[in-house]
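Just below is one structure, and these are the notes that go with it.
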Amino acid sequence: GAGVSQSPSNKVTEKGKDVELRCDPISGHTALYWYRQSLGQGLEFLIYFQGNSAPDKSGLPSDRFSAERTGGSVSTLTIQRTQQEDSAVYLCASSLDRSSDYGYTFGSGTRLTVV
Amino acid sequence: GQQLNQSPQSMFIQEGEDVSMNCTSSSIFNTWLWYKQDPGEGPVLLIALYKAGELTSNGRLTAQFGITRKDSFLNISASIPSDVGIYFCAGPHNNAGNMLTFGGGTRLMVKP
């Protein structure tokens with residue numbers, strides 16, 4: 001597509017439920033990134049994919065968080081047993097490859113609210 | 001780990017005023033980037049700086065890569081209402097690959 005598409009744009013879930021957030025990167029972009037933005041905060045790195053593999057999972061805050069990417073395209077970020085502190089905007093970005101000039105294209109994010 | 005500290009955290013200015021914000025780090029960065037995030041959107045790259053001392057302009061925006069490689073500033077001249085948003089500095093995570101570390105952001109509000 002023309003840009004990075006994220007869905008849903010908003011999600012309200014009850015504490016303890018699982019949620020799945022989807023990111024559809026720009027066609028041909030091999031690198032994909034997930035960041036979390038808590039209210040009034042900067043962007044916290046979560047995970048990075050190069051193709052289908054995730055060489056860096058260091059940012060995932062707990063084992064309740066996981067992500068996968070299939071076919072070198074769409075990625076899903078899953079949060080199990082959601083907690084209120086998981087409430088944030090989850091941003092996905094994609095770029096051409098490791099040698100790109102940091103020209104990330106971000107999606108508009110998924111605003112997650114855990115009640 | 002690497003941290004980028006931005007100041008001020010927020011600014012409320014009158015339309016037409018010039019704005020200056022900066023970003024500092026305790027460690028050296030080889031690249032500095034400035035992004036802007038409009039409300040409800042993802043950040044968009046404004047300016048990229050690749051060399052210490054580099055001064056780069058993009059319209060009313062000017063950014064400089066500090067000589068020490070530990071700081072950068074962004075200036076906006078003659079601000080307009082659409083400059084409202086959050087401005088982030090960013091640099092390569094551990095100066096490797098193209099994963100980015102972001103600062104906490106400067107929230108700019110412009111009064112018409």
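The calculated P(r) of region B:1-99, using every Cα pair and 5 Å bins from 0, goes 3, 13, 24, 25, 19, 10, 4, 1 in percent.
Across region A:105-115, coupling constants 3J(HN,Hα) worked out from phi with the 6.51/-1.76/1.60 Karplus curve, θ = phi - 60°, read 10, 8, x, 7, x, 10, 8, 9, 10, 9, 10 Hz, and Gly and Pro carry x. Result for chain A in a Gaussian network model with C-alpha springs under 10 Å: among A:50, A:83, A:41, the largest mean-square fluctuation is at A:41.
Counting every other Cβ atom within 10 Å of each residue's Cβ, B:21, B:109, B:11 order from fewest to most as B:109, B:11, B:21. With R₀ set to 30 Å, the beta-carbon distance separating residue A:70 from residue B:68 gives a calculated FRET efficiency near 0.10. For residue B:46, nonlocal amide neighbours, meaning residues 5 or more places apart or on other chains whose placed amide H falls under 5 Å from its own, are B:34, B:35, B:36.
Backbone phi angles across region B:66-74, fed through the Karplus curve with coefficients 6.51, -1.76 and 1.60 (θ = phi - 60°), yield HN-Hα couplings of x, 4, 6, 6, 10, 7, 8, 10, 10 Hz in residue order; Gly and Pro are listed as x.
Please work out whether region A:47-115 counts as rounded, prolate or oblate from its C-alpha gyration tensor, where a ≥ b ≥ c are the square roots of the eigenvalues and a/c under 1.5 means rounded, while otherwise a/b larger than b/c means prolate and anything else oblate? Prolate is the answer for region A:47-115, as a/c is 1.5 or above and a/b outweighs b/c. With a sphere of radius 14 Å drawn around the Cβ of residue A:82, what net charge do the other residues whose Cβ falls strictly inside it have (Lys, Arg +1; Asp, Glu -1)? Summing Lys and Arg as +1 and Asp and Glu as -1 gives +1. Of A:40, A:72, A:16, which is the most mobile in a GNM of chain A whose springs link Cα atoms less than 10 angstrom apart? Greatest mean-square fluctuation among the candidates belongs to A:40.
Largest GNM mean-square fluctuation among A:39, A:77, A:91, using chain A with Cα springs under 10 Å: A:39. For chain A, the Kirkwood estimate of the hydrodynamic radius, built from every pair of different alpha carbons, is 14.0 Å.
Residue exposure proxy: A:115, A:74, B:19, ordered by other Cβ atoms within 10 angstrom of their Cβ from fewest to most, comes out as A:115, A:74, B:19. What base-10 log of the normalised intensity I(q)/I(0) is obtained for the protein assembly as shown from the Debye formula, alpha carbons as equal point scatterers, at q = 0.08, 0.16 Å⁻¹? Treating every Cα as an identical point scatterer, log10 I(q)/I(0) equals -0.29, -1.11.
Only Cα pairs under 8 Å and 6+ residues apart enter the sum, and on that basis the relative contact order of region B:1-70 stands at 25 percent. For region A:28-42, 3J(HN,Hα) computed residue by residue from phi via the Karplus equation (6.51, -1.76, 1.60; θ = phi - 60°) reads x, 7, 8, 9, 9, 10, 10, 10, 10, 10, 7, 3, x, 10, x Hz, glycine and proline entered as x. Beta bridges assigned by DSSP with both partners in chain A are antiparallel in approximately 90 percent of cases.
Rule-based calculations on the coordinates, nothing more; no lab input. Worth saying up front: this structure is predicted, and the values here are computed from it rather than measured. Cβ atoms come from the backbone with ideal geometry, glycine included; neighbour counts cover every protein chain shown.
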